[in-house]
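Down below is the structure, laid out as structure tokens.
The values are calculated or read from the model by the stated rules, or taken from the named source; none is laboratory data. Quick caveat, the model's predicted, so the values are computed rather than measured. Counting neighbours? That spans all protein chains shown, and the Cβs are built from the backbone with ideal geometry, glycine included.
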């Protein structure tokens, strides 16, 4: 009987740890980037759509954005550059499940990739 109780306890701990693991892989955040056809200060304008396809809300969503120095201010101002040169999406605001945001920038195309985020699952 004690072996059975020990087995059940180990199983419960394993299930608990699995439920606490990341539920949202980085590919649950989709990034689409398309040229608008406009040029601003000799740089092409790009429209970016970032979508949260995870079942959880995401906070502190961070993207790689190497050497990102847009010719004009990002419109609307939904990203900021941190001290490491990464882009923070919506800065401190959450990106809810199923939500997306769009912004435009004028610069050479950059390779935006998901670097990190924090899940808020209930």
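The number of residues in region 81-91 being in a strand (DSSP E or B) and either under 11 Å from residue 61 (Cα atoms) or in contact (Cβ under 8 Å) with a residue 60 or more places away in the chain (or both) comes to 3.
Yes/no per residue for (1) over 14 Å from residue 116 (Cα atoms); (2) surrounded by fewer than 13 Cβ atoms within 10 Å (Cβ to Cβ):
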site: 26; (1), (2): no, yes
site: 32; (1), (2): yes, yes
site: 35; (1), (2): yes, yes
site: 42; (1), (2): yes, yes
site: 56; (1), (2): yes, no
site: 62; (1), (2): no, no
site: 78; (1), (2): yes, no
site: 95; (1), (2): no, no
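State all residues of region 92-122 that are closer than 26 Å to residue 37 by Cβ and in a loop (DSSP other than H, G, I, E, B); if no residue qualifies, say none. The answer is 107, 108, 109, 110, 111, 112. So which residues in region 97-110 are at pLDDT below 90 and exposed (fewer than 14 other Cβ atoms within 10 Å of the Cβ)? Answer for region 97-110, where residues must be at pLDDT below 90 and exposed (fewer than 14 other Cβ atoms within 10 Å of the Cβ): 108, 109. Based on this model, can you work out whether residue 31 counts as within 12 Å of residue 102 (Cα to Cα) and in contact (Cβ under 8 Å) with a residue 40 or more places away in the chain? For residue 31, the condition - within 12 Å of residue 102 (Cα to Cα) and in contact (Cβ under 8 Å) with a residue 40 or more places away in the chain - is met. Is it true that some residue in region 10-24 is at pLDDT 90 or above and either assigned to a strand (DSSP E or B) or in contact with a strand residue (DSSP E or B) (Cβ under 9 Å, 6 or more places away or on another chain) (or both)? Within region 10-24 (the criterion being at pLDDT 90 or above and either assigned to a strand (DSSP E or B) or in contact with a strand residue (DSSP E or B) (Cβ under 9 Å, 6 or more places away or on another chain) (or both)), the answer is yes, since at least one residue qualifies. Can you confirm whether region 33-41 contains a residue that is at pLDDT 95 or above and either on the phi > 0 side of the Ramachandran plot or out of contact with any strand residue (DSSP E or B) (no Cβ under 9 Å at 6 or more places or on another chain) (or both)? Yes, some residue in region 33-41 is at pLDDT 95 or above and either on the phi > 0 side of the Ramachandran plot or out of contact with any strand residue (DSSP E or B) (no Cβ under 9 Å at 6 or more places or on another chain) (or both). Scanning region 42-76 for residues that are over 16 Å from the mean Cα position of the chain (by Cα) and not in a strand (DSSP E or B) turns up 42, 67, 68, 69, 70, 71, 72, 73, 74, 76.
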